[in-house]
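Asker: Pasting a structure here, questions to come.
The values are calculated or read from the model by the stated rules, or taken from the named source; none is laboratory data. Since the model is a prediction, treat every value here as computed from it, not as a measurement. No Cβ is skipped: glycine too gets one built from the backbone with ideal geometry, and neighbour counts run over all protein chains shown. Calculation scope for accessible area: heavy atoms of the full protein, side chains included, ligands and nucleic acids excluded. Shrake-Rupley method; radii C 1.70, N 1.55, O 1.52, S 1.80 Å.
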Amino acid sequence: VYKMNSDGSDQTNITNDSADDGWPTWSPNGDKIMFLSDRAGIGRQVYLIDTDGQDIERIAEDYIVAHAAWSPDAKSIVFASDEDGDREIYILNLETKEITQITDNGYYDDYPAWHPDGKYIVFASDRKSDNSNILDLFIANIPEKEKVIKELIISRDEERDPAWVPDGRLVLTIGENYAQKNNTREIYISEEEINFE
């Protein structure tokens, strides 16, 4: 993992390990970088490191992680991990180290992304498809006591890689005609803010 200025100058090596380090993201407050690495020898796990390359920390040590994202307040991380052959969504509170399972349904749930207001998460899942390769988008609220999951985008196309614009609109990739060979994915953005209600 390297950091650099937006013009590509002043490149600095942050991690220097023989393992595969990748998928880096800045914390919202800018003091940490999260990345995934297989340096523990058991699959990709989540690591945090200071922006100067010091104080590296492995978190959620019992989980092999596919994708992860920061909460807007930088106090939690949402991630997708395989559990008994299924991929589920979890939240790790970085202060208490408590892990809360968000989905638990036997389906493939992945690509979580936290809404800018911190109240809900969008993710991709095959739970409404008769083809496990076709993912649709769902949204979950994150209240203190009860979570509710709702359908967001259901189609015959494949939706994945959701990300939020700061104003609440959603960016995602859509693969059209997924059943056909050589299909392509394109990037889309919603015209309006996406709400849970």
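Asker: Being assigned to a loop (DSSP other than H, G, I, E, B) and either over 17 Å from the mean Cα position of the chain (by Cα) or surrounded by 17 or more Cβ atoms within 10 Å (Cβ to Cβ) (or both) is the filter here, so list the residues in the stretch 152-175 that pass it.
Answerer: 154, 155, 156, 157, 167
Asker: Regarding the stretch 19-27, can at least one residue be identified that is out of contact with any strand residue (DSSP E or B) (no Cβ under 7 Å at 6 or more places or on another chain) and of a type outside the set (A, V, I, L, M)?
Answerer: Checked the stretch 19-27: no residue is out of contact with any strand residue (DSSP E or B) (no Cβ under 7 Å at 6 or more places or on another chain) and of a type outside the set (A, V, I, L, M).
Asker: Residue check: is residue 127 open to solvent by 30 Å² or more (accessible area, probe 1.4 Å), over 21 Å from residue 25 (Cα atoms), of a type in the set (D, E, K, R) and not in a strand (DSSP E or B)?
Answerer: Against the criterion (open to solvent by 30 Å² or more (accessible area, probe 1.4 Å), over 21 Å from residue 25 (Cα atoms), of a type in the set (D, E, K, R) and not in a strand (DSSP E or B)), residue 127 qualifies.
Asker: Quick one: residue 122 ticks every box in (1) modelled with pLDDT of 90 or more; (2) closer than 30 Å to residue 16 by Cα except a single one, so which number is it?
Answerer: Every condition holds for residue 122 apart from (2).
Asker: Follow-up question, since we're still on this one. I'd like the full set of residues that are under 19 Å from residue 91 (Cα atoms) and either polar (S, T, N, Q) or touching an Asp or Glu at 6+ places or on another chain (Cβ under 7 Å) (or both), limited to the stretch 1-27.
Answerer: Selection gives 25, 27.
Asker: Hey, does the stretch 121-130 have a residue that's without any contact (Cβ under 8 Å) to a residue 12 or more places away in the chain and within 21 Å of residue 34 (Cα to Cα)?
Answerer: Looking for residues that are without any contact (Cβ under 8 Å) to a residue 12 or more places away in the chain and within 21 Å of residue 34 (Cα to Cα), one finds none in the stretch 121-130, hence no.
Asker: Keeping to the stretch 18-30, report how many residues are part of a loop (DSSP other than H, G, I, E, B) and either in contact (Cβ under 8 Å) with a residue 24 or more places away in the chain or open to solvent by 80 Å² or more (accessible area, probe 1.4 Å) (or both).
Answerer: Number satisfying all stated conditions: 5.
Asker: Yes or no: residue 134 open to solvent by less than 40 Å² (accessible area, probe 1.4 Å), hydrophobic (A, V, I, L, M, F, W, C) and at pLDDT 85 or above?
Answerer: So residue 134 does not fit the description; no.
Asker: Taking only the stretch 137-190 into account, find how many residues are at pLDDT 75 or above and among the basic types (Lys, Arg).
Answerer: Looking only at that region, the number is 5.
Asker: On the basis of being in a strand (DSSP E or B) and not hydroxyl-bearing (Ser, Thr, Tyr), does residue 40 make the cut?
Answerer: no
Asker: In addition: Output the strands (runs of 3 or more DSSP E) that fall wholly within the stretch 54-118 and possess 3 or more residues being surrounded by 15 or more Cβ atoms within 10 Å (Cβ to Cβ), or say none.
Answerer: Answer list for the stretch 54-118: 65-70, 76-83, 86-93, 109-114.
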